[in-house]
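The values are calculated or read from the model by the stated rules, or taken from the named source; none is laboratory data. On a predicted model such as this, the values are computed, not experimentally measured, just so you know. Positions of Cβ are generated from backbone atoms using ideal geometry, with glycine treated the same way; all protein chains shown enter the neighbour counts. Heavy atoms of the whole protein, side chains included, go into the accessibility calculation; ligands, DNA and RNA do not. Shrake-Rupley method; radii C 1.70, N 1.55, O 1.52, S 1.80 Å.
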Number of protein chains: 2
Amino acid sequence: MPILRLALAQTNPRLGDFSRNVLQIVNTAVEAFGQGADLVAFGEMSLTGYPIEDLATRPDFLRETRTHLEDIATQIAASGAGSIPVIVGFPHGPLDDHHANSGSPSAIAYNSAAVLQDGRIIGIYNKHHLPNYSVFDEYRIFRAGSDALVLHVAGADVALAICEDIWREGGPVATIAEVKPSLLLILNGSPFEREKDEVRLPLVQRRAEQVNAPAVYLNLVGGQDDLVFDGGSFVTNASGKVLARAHQFVEQTLLVDIDVKDSTTNGSQVGPGVVVVEAGAGNPQRSTRAKVSPEIAPQLDINEQIWDALVLGMRDYVEKNGFRSVILGLSGGIDSAVCAALAVDAIGPDRVFGVSMPSNYSSDHSRSDADDLAERLGIDIRTEAIAPLVDPVETQLHLDGVAAENLQARIRGIILMGLSNAEGHLVLTTGNKTEIAVGYSTIYGDSVGGFAPIRDVPKTLVWELAKWRNEHARTKGLTPPIPENSITKPPSAELRPGQVDQDTLPEYDVLDAILDAYITERVGRDVIISRGFGVEMLDRVISLVDRAEWKRRQGAIGPKISEMAFGRDRRLPVTFTRN
Amino acid sequence: MPILRLALAQTNPRLGDFSRNVLQIVNTAVEAFGQGADLVAFGEMSLTGYPIEDLATRPDFLRETRTHLEDIATQIAASGAGSIPVIVGFPHGPLDDHHANSGSPSAIAYNSAAVLQDGRIIGIYNKHHLPNYSVFDEYRIFRAGSDALVLHVAGADVALAICEDIWREGGPVATIAEVKPSLLLILNGSPFEREKDEVRLPLVQRRAEQVNAPAVYLNLVGGQDDLVFDGGSFVTNASGKVLARAHQFVEQTLLVDIDVKDSTTNGSQVGPGVVVVEAGAGNPQRSTRAKVSPEIAPQLDINEQIWDALVLGMRDYVEKNGFRSVILGLSGGIDSAVCAALAVDAIGPDRVFGVSMPSNYSSDHSRSDADDLAERLGIDIRTEAIAPLVDPVETQLHLDGVAAENLQARIRGIILMGLSNAEGHLVLTTGNKTEIAVGYSTIYGDSVGGFAPIRDVPKTLVWELAKWRNEHARTKGLTPPIPENSITKPPSAELRPGQVDQDTLPEYDVLDAILDAYITERVGRDVIISRGFGVEMLDRVISLVDRAEWKRRQGAIGPKISEMAFGRDRRLPVTFTRN
């Protein structure tokens, strides 16, 4: 029974920032070599960042990736750490051929893991299953791999898989099971979702039992656009017992010793569909190193997980896009209060700027609650009255009713964008998932902004998170950041005198339950009625949702006359820093 | 050699508008029966409209579709026309099972064609190849079919295929060839693209030769969001000669008599992978009807095709979404002039409203060219000076430089949206593909609007289309709609004194050539340099494009914490009429 020492690097790559990612991979690998690791592994697409979207279809980007991959191998070898295998996720493009995937003519690369050793690429595993649902578009941009890969290292057989490969029955895991591997190593780029934790562990436990070997679930960490990779990498033994677990939401290299079965391949090829790669005797310190005790990080409660995911998502969006600061409207309401508190937790109070933009319809508590919030958070707040800017437009264009209400929201948008342009802040838009779903917002008004911290948070959860965050502060003896009044008062857009949200919307607990059924579960009207919701209210909500979808699509549409048009075809991720 | 009379219905379905689509299908089928047709066919997804995006994943929508499909069969039979087969495209959902596609867990339906006869569904063909590139996301939402379908009717074998099925080697066409069919009938939802015409015909000719039988290419027509289906359905004989062709951009039922080989199946099953469906003896008038002479509609020149595609795209977006009218800013420049001319061709001058919004930096010709345009088009124009609305904001916020320039564009956006809200117009945003690609526009400013008529038209093509449209008017003895001065003067955003586009952008012919290489061809820097473009200019353009992509993504991003979030997961098409 060999003991394998693995260094599992849960990193936060910057998309397309090769120099930074290469440096981190090399340094981590060299350090792990010094700690006696037999194998170092990084997550899915750890060289480039993930998801790379249409960059995967650009031959120039793929060639550049290959150059950097070879450079990593060279640098590690030059540092004297070349004798152990280092596994790095990367998009594996054609070097001289351009055969397209049968599924998607533009797909030319695989989603792959390279095994680096002795300054060379000694093996490449290509992901078999390409997810193309929810946030994933991999079938669009990647080709599907076909062979399994087993790494023979230190007397053990380490079989590779990438993310979706373990979510499907059959496929590489079934092939791998026949080889009777010593270990199953799964590289992931698995985004955070509420309750996903409860799905991942049982799945990996099942795969460990299936291959009758310990399994390693190695994840990325960090925010990339609207995805948040939560880390939380872990190792189970063959019976599914958790042997080690990394923290969620932070970069960490987990060093773990695992008792594994002897190799059955002994480095020889075993048959069709499996490539066996010889990766040597493991770390030269194997015989002398003392066993490490594995870390098992505690799991966070669900509200803390969500809060941390939102904080990390915002921090990485701001930092990776090179913003110095954020600006947002502070209305005294719960949404802007929660967004401001998230921003302070993400980037600190000195980089968060609030603007109170009272109108003639704003209540006194709007202003006082906003001031209270700014004081609790220690952030800058300024006041820009909107009446002097709204009145000339309203008068010149003779606007009233909804047109005049929208105008107030749009003037606020102009103020935030003007200050953003003048002072360089990223504008935060504070809409929550519920109001976005039902279109309870003004296009080019309160929807203005470059980042929407709570756009995937239903209103009822906004309140819950606010209460959780205040309580979290109290347990640490700190000032609760969110004014109690912002949590308890009835929500209002304050676009006309005495307006409250429930003038036009159902109670939020009912509304969120209907939206969850209609949008998330995709169940039909009949099913929702059978759960006890009133027909009239249900139909009103459904028509609001359909109408909001229609509003949301405005401004993105125009007739297409060429093979490549914007918006749909061109899906380049953010790859550079704004200067 | 039987003669088959086909009625090929090139329809413009309204997405999700079942009552209208059902009525049209029934009426067309009954009329075709009276004209002696042996078979009536409609295009891909002709029952629901296309693309249906995430509606394909909603069981309630799929059940409703099935009900309407059965209703069509019943109604046709009740009209006495039930004895001939009628082929209708529809999403074929599970009636009682919910097995997901292995590719995409949310996909539960097939993209299918139903054969209706005698009040029943007598056969269903499921599309094999699901395109998932460019504008297509079918692998995301559909399951893949596996069997070929041959319809035995009037002594002939008619083999079915749907769109992408003929674009791939192998697959159903290879299977069909072995059956030696009398005819290959291909239902399509194939969007217009420049030069696509030159690809479709040779492809269909090749398939006709491959199966050694005449081939029918039946397309949809009409605009749906950013797609324009151009129609242009056609029939070739087994050697690829065009026997009949429908017009582009209009609804039409093409009635055509085709000499075909005798059936080889005689209605019996022929082996695995092929389903043979018995569809009777054809039209009762077969023995007495006189032969019809086929129509071969002339092909349009490329500028007329593009113009007509843009007109149809706008008309259908306006009509299908229930707008009465459109409004747009008229700057005197070429982009707004072309958009206004397109709008008038799409919905008529009475429904088009122009707004001249001069600033202190607007030249005299801006106003006079806008007035000239409005007069030529016969549309309403009003003037709203922006200085009285810009000044208070600029003063209160102390804006200057780019922030002040953007403010002017944003005040114009507020004016258009205010008038839209007050008067019910759809706002047109007039940006062209070139300026969108390089980010030469103001977010929430000139980019404001619900429909962007020329967002896929490069600047050089905007000029070319303007000249073509004027010449087209002249050849008909009509007033050219676009002022000559708008075509010839140097383009300018007029956001500061004396500004012209070429202060900050390369000449448009150079710029468009670089964008075409970098974005459409996806070729790298080295290749573009080898074509003779200067390195410095190229790098400037590439950095503008990357930066513009970054700007374009603003406002859509926020951390995702649930399985279903908006924007990526939820892709509902516009399915209802706004009231």
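Structure notes:
- Inter-chain Cβ neighbour average for residues B:410-421, partner chain, 10 Å: 6
- Beta bridges per DSSP, both residues in chain B: antiparallel share near 50 percent.
- Greater than 26 Å apart at Cα, pairs in B:Lys196/B:Lys261; B:Lys433/B:Lys467; A:Lys320/A:Lys489; B:Lys320/B:Lys433; B:Lys196/B:Lys467: B:Lys196/B:Lys261; A:Lys320/A:Lys489
- Surface composition of chain A: carbon and sulfur atoms hold 50% of the protein heavy-atom accessible area at a 1.4 Å probe.
- Rounded accessible area of B:His398 (nearest 10 Å², 1.4 Å probe): 150 Å²
- Beta bridges per DSSP, both residues in segment A:136-224: antiparallel share near 30 percent.
- The value of relative contact order for chain B, using C-alpha pairs under 8 Å at least six residues apart, is 12 percent.
- Segment A:335-472: relative contact order in percent, alpha carbon pairs under 8 Å with at least 6 residues between: 23 percent
- Relative to the longest principal axis of the Cα atoms of chain B, the long axis of helix B:401-423 lies at roughly 50 degrees.
- Residue-wise HN-Hα couplings along segment B:264-276, as the Karplus relation 6.51 cos²θ - 1.76 cosθ + 1.60 with θ = phi - 60° gives them from phi, are 9, 7, 6, x, 8, 5, 10, x, x, x, 10, 9, 9 Hz; Gly and Pro carry x.
- Shape of segment B:3-299, Cα gyration tensor, a/c cut at 1.5: rounded
- Taking amide H positions as modeled 1.01 Å from N, with prolines and chain starts lacking one, the residues under 5 Å from A:Ala493 and 5 or more places away or on another chain are A:Asp501.
- With the convex hull constructed from alpha-carbon coordinates only, chain B shows a mean projected area of 29.5 nm² over all directions.
- Close amide H partners of A:Thr264, meaning residues 5 or more places away or on another chain with modelled amide H under 5 Å apart, are A:Asp157.
- Per residue of peptide A:167-174, the mean number of Cβ atoms on other chains within 10 Å of the residue Cβ is 1.
- Phi to ³J(HN,Hα) by Karplus 6.51 cos²θ - 1.76 cosθ + 1.60 over segment B:173-184, Hz, x for Gly, Pro: 5, 4, 4, 4, 4, 5, 7, 6, x, 7, 7, 10
- Helix A:302-320 axis versus longest C-alpha principal axis of chain A: approximately 90°, rounded to the nearest ten.
- Using a Förster distance of 56 Å, the FRET efficiency for A:Arg168-B:Thr520 (Cβ separation, nearest 0.05): 0.95
- Rounded to the nearest 10 square angstrom, A:Glu64 shows an accessible area of 90 square angstrom against a 1.4 Å probe.
- Interface area, chains B and A: about 10600 Å² of buried accessible surface, summed, with a 1.4 Å probe and ligands, DNA and RNA left out.
- Once C-alpha pairs closer than 8 Å and six or more residues apart are averaged by separation and normalised to the residue number of segment B:104-205, the relative contact order reads 22 percent.
- Note on B:Asp259 and B:Glu319: their simple-model spin labels are 4.0 nm apart, each label 7 Å out from Cα toward Cβ.
- DSSP bridge orientation in segment B:3-299 - percent antiparallel, rounded to nearest 5: 60 percent
- Listed peptides B:342-354, A:527-539, B:254-266, B:277-289 by packing density, highest first (mean Cβ within 10 Å): B:342-354, B:254-266, B:277-289, A:527-539
- Heavy-atom surface of the protein assembly as shown, accessible at 1.4 Å and reported per residue (Å²): 34 Å²
- Inter-label distance, nm, simple model (7 Å from Cα along the C-beta direction), B:Ala473/A:Glu70: 6.0 nm
- Computed on protein heavy atoms with a 1.4 Å probe, the accessible areas place A:Ser79, A:Ser112 in the order A:Ser79, A:Ser112, largest first.
- R0 of 22 Å, Cβ-Cβ distance A:Gln396-B:Val402: FRET efficiency to nearest 0.05: 0.30
- Heavy-atom accessible area with a 1.4 Å probe sorts A:Ser83, A:Ser359, largest first, into A:Ser83, A:Ser359.
- Shown for A:Glu471: label points 7 Å from Cα along the beta-carbon vector, and their distances to the equivalent points in the other copies, 7.4 nm in ascending order.
- Amide H contacts under 5 Å for A:Val150: A:Val275, A:Val276, A:Val277, restricted to partners 5 or more places along the chain or on a different chain, H placed in the peptide plane at 1.01 Å from N.
- Computed helical MRE - 222 nm, the protein assembly as shown, DSSP H runs ≥ 4 contributing -39500 (n - 2.57), nearest 500: -11000 deg cm²/dmol
- Inter-label distance, nm, simple model (7 Å from Cα along the C-beta direction), A:Arg382/B:Lys241: 7.8 nm
- Take each residue in A:128-140, count the other chain C-beta atoms within 10 Å of its C-beta, and the mean is 6.
- Potential extension, A:Arg206-A:Glu178 segment - 0.36 nm per residue separation minus Cα distance: 8.5 nm
- Projecting the Cα atoms of B:Gly431, B:Gln408, B:Ala466 onto the charge dipole of segment B:311-491 (Cβ charges, centred on the Cα centre) puts B:Ala466 farthest toward the positive pole.
- Accessible area in the full protein assembly, largest first, 1.4 Å probe, for B:Glu435, B:Glu70, B:Glu198: B:Glu198, B:Glu70, B:Glu435
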